[in-house]
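A.B. asks: Below is one structure. I have some questions about it.
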Amino acid sequence: MTTSAKVRLNRAHCVDLLRQMVRIREFEEKCAELYTQEKIRGFLHLYTGEEAVAVGVMQALGPTDAVVATYREHGHALVRGISAREIMAEMFGKQEGCSHGRGGSMHLFDADARFYGGNAIVAGGIPVAVGLALADKMQGRANATACFFGEGAAAEGEFHECLNLAALWQLPVLFVCENNLYAMGTALERSESETDIHAKAASYRIPSEFVDGMNVVDVEAAAQRAVTTIRAGEGPRFLECRTYRFRAHSMFDAQLYREKAEVEKWRERDPIPRFRDWAMAAGEIREEDVAAIKDEVAKEIAEAVAFAEAGSWEPLEDLLKYVGAERRA
Amino acid sequence: MTEMTYRDAMRSAMREALQRDPRVFLMGEDVGRYGGCYAVSKGLLDEFGPERIRDTPLSEGGFTGAGIGAALGGMRPIVEVMTCNFSLLSLDQIMNNAATIRHMSGGQFNVPIVIRMATGGGRQLAAQHSHSLEGWYAHIPGIRVLAPGTVQDARSMLASALADPDPVLIFENVMLYNGTADIDEAAVVDIDSAAIRREGQDVSLITYGGSLRKALDAAERLASEGISVEVLDLRVLRPLDDDAILASVTKTRRAVIVDEGWRSGSLSAEVTTRIVEGGFWNLDAPIARVCSAEVPIPYPKHLEDAALPSVDRVIAAVRSVVGK
């Protein structure tokens, strides 16, 4: 594992990167289990395999920055600081959830974390991210907005409209393309005439690069570089993270569109053991750290499930809440 | 009182909003240098500069969504969409984000955006610039839909819309822009209630926006025939002012609805149903509707005129329900 990083790889940081990736992995595995038990319903899209992207990018953000994510956003929400218990309660549809139970898996929100969803329209969150960045720029705040989307979004009009807008107005947006090669079941080469996604951004004069999305250190390094220039007022940046989802698109997906051998080949690049082994070889992480992470995460997730189980259903008389302000000006 | 056109009233309302609140800005296609497709924003660029009178590329979904994001980020955007036909390119953002983010976030976020758009036919602009789609938008929970039909409302509704913490859509009928009236620039209006524009006893003529003038003209002519028509201007298409509708129909016992949208699945269908649900036993006659013909709006004038509600068609409908 090589790094081109100006990432401070001390022990504490390495342990944190590993911990965050393991948290996501274990959270998602628990979600899959709870789905089969019908505790979680609806659509459930797991982030397993892509953990290095959210964990790496999020290292570059500060508390006043904003995040816009997709329907595969549990990992982003966890790393952004929304508690596992509130996310799990949301999965259960309980009113203790981070969106009061109204959103579910695809619509996690949190005002304190400036986490603006959880958007289940492919590319639908990109204009919102551009607008958040516009508001920051117009109000003179040195924030960045990180906007996550899959490579499937590159086929949508809103993607192109927004890259143009952000470049034209030099807005502080970090576009993060999580290129996992499949838009649901449609392979990249079956949907794009130009499969080099980051080249599309360059055509809008947005400085753009691609990075190994299975390497958390590379992702963090690229995100840090990008956010530094964004904060300096140099306009948007585009980061294509080449990654892979190990699990199905959603829980209803029989994966007829890809070979098992392909999945296995990508699993060899699993970002978690890859980083763990590298960091251990480098002496940054020790056996006891790995064991401690395992215990901590297991405890956190068990507690999150218990919290969700103990949560309450919103009363039926509240059905029409959250449609409009209860009191207007 | 000041005499001004509907267009000038809308511009004056925007100027005041821009002066009063630094968070307010206008964004849309050709709102700046061009002065607005219908010249509503003419002159504002010189006064407020390109940051706040912001020309956009032709990217309705992109800039409408950017308005939503800016509203989430603490601004008070006014987004102008040239015509409601073009707003279909914004519909994803309006429906899936503006109208739903408060709900999906469990009340943590709200979207204080105002989206203005031109609506309606009558200028021979054919089948992609002339439709009345406000009834579609009135279907969507989470947004408020306004149709200023008077110069006073054109001047005064915007301030109330900007004060609303949730998304507000304003539909400006293109045939109203040149109309003039004496208005009170300082008046404050609500964006909740319908308004009786003419009192009458025999029939309630329920309408809004570009059809209001036609309804008032019809009422005037019918008065000379001894038919007393009450004209109710809905003003707010979502949420509908059920109380005002039912109060008027309870008094007159007859109703004719004039709606420039197509008849099938229309706002007029919704108003009719609410009258039937809430006032069936007070009715002395079937409800009648005057809507646009079920055809994309044609280019030639004689066909366009025939497709849109007209004073003559309104008069005929009123006569049919009063039995004269």
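A.B. asks: With the requirement that a residue be touching a helix residue (DSSP H, G or I) at 6+ places or on another chain (Cβ under 7 Å) and either under 29 Å from A:Tyr244 (Cα atoms) or at the interface with another protein chain (Cβ under 7 Å from one of its Cβ atoms) (or both), what does the stretch A:134-151 give you? Steps first, answer last, please.
C.D. replies: Here is the first cut: in the stretch A:134-151, the ones touching a helix residue (DSSP H, G or I) at 6+ places or on another chain (Cβ under 7 Å) are A:134-135, A:138, A:142-149, A:151.
Passing the criteria: A:Leu134, A:Ala135, A:Met138, A:Ala144, A:Thr145, A:Ala146, A:Cys147, A:Phe148, A:Phe149, A:Glu151.
A.B. asks: So, A:Arg247, is that one assigned to a loop (DSSP other than H, G, I, E, B), surrounded by fewer than 20 Cβ atoms within 10 Å (Cβ to Cβ), at pLDDT below 95 and not small (Gly, Ala, Ser) or not? Please lay out each step first, then the result.
C.D. replies: Numbers: assigned to a loop (DSSP other than H, G, I, E, B): yes; surrounded by fewer than 20 Cβ atoms within 10 Å (Cβ to Cβ): yes; at pLDDT below 95: yes; not small (Gly, Ala, Ser): yes.
So A:Arg247 fits the description; yes.
A.B. asks: Moving to a separate point now. Among the numbered criteria (1) touching a Leu at 6+ places or on another chain (Cβ under 6 Å); (2) under 23 Å from A:Gly233 (Cα atoms); (3) within 8 Å of another protein chain (Cβ to nearest Cβ), which one does A:Val128 miss?
C.D. replies: The failed condition is (1).
A.B. asks: Being surrounded by 22 or more Cβ atoms within 10 Å (Cβ to Cβ), among the polar types (S, T, N, Q) and within 17 Å of A:Val67 (Cβ to Cβ) is the requirement here; does A:Ser99 meet it?
C.D. replies: For A:Ser99, the condition - surrounded by 22 or more Cβ atoms within 10 Å (Cβ to Cβ), among the polar types (S, T, N, Q) and within 17 Å of A:Val67 (Cβ to Cβ) - is met.
A.B. asks: Going by the conditions given, is B:Ile78 farther than 30 Å from B:Glu294 by Cβ and not in a helix (DSSP H, G or I)? Explain how you work it out, then say what you get.
C.D. replies: Details: farther than 30 Å from B:Glu294 by Cβ: yes; not in a helix (DSSP H, G or I): yes.
For B:Ile78, the condition - farther than 30 Å from B:Glu294 by Cβ and not in a helix (DSSP H, G or I) - is met.
A.B. asks: Kindly indicate which of B:Ile191, B:Ile170, B:Ile227 is among the hydrophobic types (A, V, I, L, M, F, W, C) and more than 30 Å from B:Phe109 (Cα to Cα).
C.D. replies: On the way: B:Ile191 fails: more than 30 Å from B:Phe109 (Cα to Cα); B:Ile170 fails: more than 30 Å from B:Phe109 (Cα to Cα).
Just one listed residue meets the conditions, B:Ile227.
A.B. asks: Just to be sure I understand, how many residues within the stretch A:28-60 are of a type in the set (A, V, I, L, M, F, W, C), part of a loop (DSSP other than H, G, I, E, B) and buried (at least 22 other Cβ atoms within 10 Å of the Cβ)?
C.D. replies: Of the residues in the stretch A:28-60, the ones of a type in the set (A, V, I, L, M, F, W, C) are A:31-32, A:34, A:40, A:43-44, A:46, A:52-55, A:57-58, A:60.
From what is left, the residues that are part of a loop (DSSP other than H, G, I, E, B) are A:40, A:43-44, A:46, A:60.
Narrowing the set further to residues that are buried (at least 22 other Cβ atoms within 10 Å of the Cβ) leaves A:40, A:44, A:46, A:60.
Count: 4.
A.B. asks: Just give me the residues in the stretch B:150-186 being away from chain A (no Cβ under 14 Å) and part of a loop (DSSP other than H, G, I, E, B), in sequence order. If you could, list the steps in order and put the result at the bottom.
C.D. replies: Of the stretch B:150-186, the ones away from chain A (no Cβ under 14 Å) are B:150-156, B:170-186.
Hits for the stretch B:150-186 are B:Thr150, B:Val174, B:Met175, B:Leu176, B:Tyr177, B:Asn178, B:Gly179, B:Asp184, B:Glu185, B:Ala186.
A.B. asks: Identify, from the list A:Glu317, A:Glu288, A:Glu300, the residue that is within 25 Å of the chain's Cα centre (by Cα), part of a helix (DSSP H, G or I) and of a type outside the set (Phe, Trp, Tyr). Give the steps one after another, and end with the answer.
C.D. replies: Working: A:Glu317 fails: within 25 Å of the chain's Cα centre (by Cα); A:Glu288 fails: within 25 Å of the chain's Cα centre (by Cα).
Of the residues listed, the single one that is within 25 Å of the chain's Cα centre (by Cα), part of a helix (DSSP H, G or I) and of a type outside the set (Phe, Trp, Tyr) is A:Glu300.
A.B. asks: Pick out the one residue from B:Met27, B:Met95, B:Met10, B:Met14 that is assigned to a helix (DSSP H, G or I), among the hydrophobic types (A, V, I, L, M, F, W, C) and within 12 Å of another protein chain (Cβ to nearest Cβ). Write out each step before concluding.
C.D. replies: Numbers: B:Met27 fails: assigned to a helix (DSSP H, G or I); B:Met10 fails: within 12 Å of another protein chain (Cβ to nearest Cβ); B:Met14 fails: within 12 Å of another protein chain (Cβ to nearest Cβ).
Only one candidate qualifies: B:Met95.
A.B. asks: Still on this structure, please answer the following. Filter the stretch A:12-27 down to the residues that are surrounded by 24 or more Cβ atoms within 10 Å (Cβ to Cβ) and closer than 25 Å to A:Phe92 by Cβ, then identify the one that is farthest from the chain's Cα centre (by Cα).
C.D. replies: A:Phe27
A.B. asks: Something else now. Would a scan of the stretch B:287-303 turn up a residue that is of a type in the set (S, T, N, Q) and closer than 16 Å to B:Ser204 by Cα? Outline the logic, then answer.
C.D. replies: Of all residues in the stretch B:287-303, those of a type in the set (S, T, N, Q) come to B:292.
Add one more test, that the residue is closer than 16 Å to B:Ser204 by Cα, and what stays is none.
Looking for residues that are of a type in the set (S, T, N, Q) and closer than 16 Å to B:Ser204 by Cα, one finds none in the stretch B:287-303, hence no.
A.B. asks: Scan the stretch A:160-190 for residues that are surrounded by fewer than 24 Cβ atoms within 10 Å (Cβ to Cβ) and either part of a loop (DSSP other than H, G, I, E, B) or without any contact (Cβ under 8 Å) to a residue 60 or more places away in the chain (or both) and jot them down.
C.D. replies: Hits for the stretch A:160-190 are A:His160, A:Asn164, A:Leu168, A:Trp169, A:Gln170, A:Leu181, A:Met184, A:Gly185, A:Leu188, A:Glu189, A:Arg190.
A.B. asks: Pairs needed: first member in the stretch A:200-223, farther than 23 Å from A:Phe159 by Cβ; second member anywhere, among the basic types (Lys, Arg) and not in a helix (DSSP H, G or I); C-beta distance under 8 Å; at least 6 residues apart or different chains.
C.D. replies: A:Met214/A:Arg242; A:Met214/A:Arg269; A:Ala221/A:Lys6
The values are calculated or read from the model by the stated rules, or taken from the named source; none is laboratory data. All values reported here derive from a predicted model rather than from experimental measurement. Don't worry about glycine lacking a Cβ; one is built from the backbone with ideal geometry, like all the others, and counts go over all protein chains shown.
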